[in-house]
Structure formats: structure tokens, C-alpha cells
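Structure first, then comments.
The values are calculated or read from the model by the stated rules, or taken from the named source; none is laboratory data. A quick note: this is a predicted structure, and the numbers were derived from the prediction, not measured. Every residue, glycine among them, receives a Cβ derived from its backbone with ideal geometry; neighbour counts consider all protein chains shown. Side chains are part of the model used for accessible areas, which takes the heavy atoms of the whole protein and leaves out ligands, DNA and RNA. Shrake-Rupley method; radii C 1.70, N 1.55, O 1.52, S 1.80 Å.
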Amino acid sequence: MRKFIITVLALAPLAVWAQDNTWERMEEEQEEVVQKGNPDAKYLKGAVPEVDGKVVFTKHIDAPGKTADQIYDILHKYMQKMTKEKNQLGRSALLTEDAQKHILVGSYEEWLVFKSSNFVLDRTRFYFALQVECHDGSADITMGHIRYLYEEERVPQRMTAEEWITDKEAVNKKNTRLFPNSGKFRRKTIDRKDFLFNKFESLLK
């Protein structure tokens, strides 16, 4: 009996590990980041842009020497792959695949994990759209239509990015820290955006 208990305890971290953000594990395996100063510095005012009252993240990526067709094919393949990743849920799909106009639109539903331990799993359903416009030598990426479904097993809470992660809703007036509740959504949303934009950029090098 004692051996059985020890075995279960040894395997428990592995079960919990599967509930982490898989994309964050990939980053951690590549490099170890040593944080200095305010750990929230990159998440403070200005980190979540708004366009006409909507939260929209954008990135222009230069890809010298690559045609619009080549860029489209590279990003199309990756966006398709995203829909089948372990953190994705049932509604993730590509909505627009226009090879002539070189436009891609994907709608994603995935788990965004805030905390995972032996006794706590704090996560939210995370919904967002990615739009890619490919040109000769460059691509323009847009991430928007961001929303969340939180605590669905208890009292479900539905929030949009505009209601929950803007400067007004998630950052204190002194611009020194994030609020505890909305701040964790803002932090992980920015982390996910950074991962995706950096991934697209690395694919087009």
C-alpha cells in the first residue's frame, strides 16, 4: 500500500504538467529568462492597444526574398497546425483560406492556464481571431476579437478584452502593477500574443 501511494505521488506532477500552457513550456525549454526589476513592466500601460474602442494587436513582419505565395504557404501550414495543438478546443478552425488574395483568418478556442499545481487548476477558455495578409516580402498579422469564459464549472463569467484587460481595467493609476484578477488575464494574453507573433516572425526568416 505504501509503495502504491508513493507511486501515485510521483506521477501526480506529470498529470498536472499536462494542464500547463504547452506553448509556454516550449519557450522555457529554449531559454531561461532571468527577471530583474518590476516583473510586470512589459504588461503596464500601452501594452494592450485599442483601435476604435477594440483591443487589437498588430505586427508587421518583413520577409525579404519571399513572395506572397511563399509566405502564404508557410503561415497557412502553421495556422492549420495550431488548430490541432493540445491546448486547442473544439471550435478552433480556419475560416478564410484565400490563396489568390493571400489572406488567412483563423478562429481559435483554447485553454489559457494561470496556475496549475497538485491541488489548484486556474484557467479560462480563451477565444481570439488571427488575420494574416501576405505580400511580397512581408506579412501583416492582426489578433483581435478576444474574449474569455472563466469559472464555467462554478459561476460562468464571460468577458471581452475590452471589458477586462485594457489599461483602465487592469493597471493601477500609478502604472506600477497589475490588478490581481484582471491582471492575470492581461498578462497571459500578452504572453500568448508575443509567442504567436514571434513564432510567425521566426517562420519567415
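Quick check, is residue 197 touching a residue at least 24 places away in the same chain (Cβ under 8 Å), within 30 Å of residue 73 (Cα to Cα) and assigned to a helix (DSSP H, G or I)?
For residue 197, the condition - touching a residue at least 24 places away in the same chain (Cβ under 8 Å), within 30 Å of residue 73 (Cα to Cα) and assigned to a helix (DSSP H, G or I) - is met.
Looking at the range 49-80 only, could you name the residues that are among the charged types (D, E, K, R), open to solvent by 80 Å² or more (accessible area, probe 1.4 Å) and either touching a helix residue (DSSP H, G or I) at 6+ places or on another chain (Cβ under 6 Å) or outside any helix (DSSP H, G or I) (or both)?
Answer for the range 49-80, where residues must be among the charged types (D, E, K, R), open to solvent by 80 Å² or more (accessible area, probe 1.4 Å) and either touching a helix residue (DSSP H, G or I) at 6+ places or on another chain (Cβ under 6 Å) or outside any helix (DSSP H, G or I) (or both): 50, 52, 54, 62.
Hey, can you tell me all the residues within the range 155-172 that are of a type in the set (Val, Ile, Thr) and open to solvent by 60 Å² or more (accessible area, probe 1.4 Å)?
155
Restricting to the range 127-158, name every residue that is of a type outside the set (Val, Ile, Thr), assigned to a strand (DSSP E or B) and in contact with a helix residue (DSSP H, G or I) (Cβ under 7 Å, 6 or more places away or on another chain).
130, 134, 135, 139, 143, 147, 148
Any idea which of 175, 198, 118, 181 is on the phi > 0 side of the Ramachandran plot and either modelled with pLDDT of 95 or more or open to solvent by 70 Å² or more (accessible area, probe 1.4 Å) (or both)?
Selected residue: 175, the only one of 175, 198, 118, 181 that is on the phi > 0 side of the Ramachandran plot and either modelled with pLDDT of 95 or more or open to solvent by 70 Å² or more (accessible area, probe 1.4 Å) (or both).
Of (1) under 17 Å from residue 56 (Cβ atoms); (2) in contact (Cβ under 8 Å) with a residue 40 or more places away in the chain; (3) touching a Ser or Thr at 6+ places or on another chain (Cβ under 6 Å), residue 146 satisfies all except one. Which?
Answer for residue 146: the failing condition is (3).
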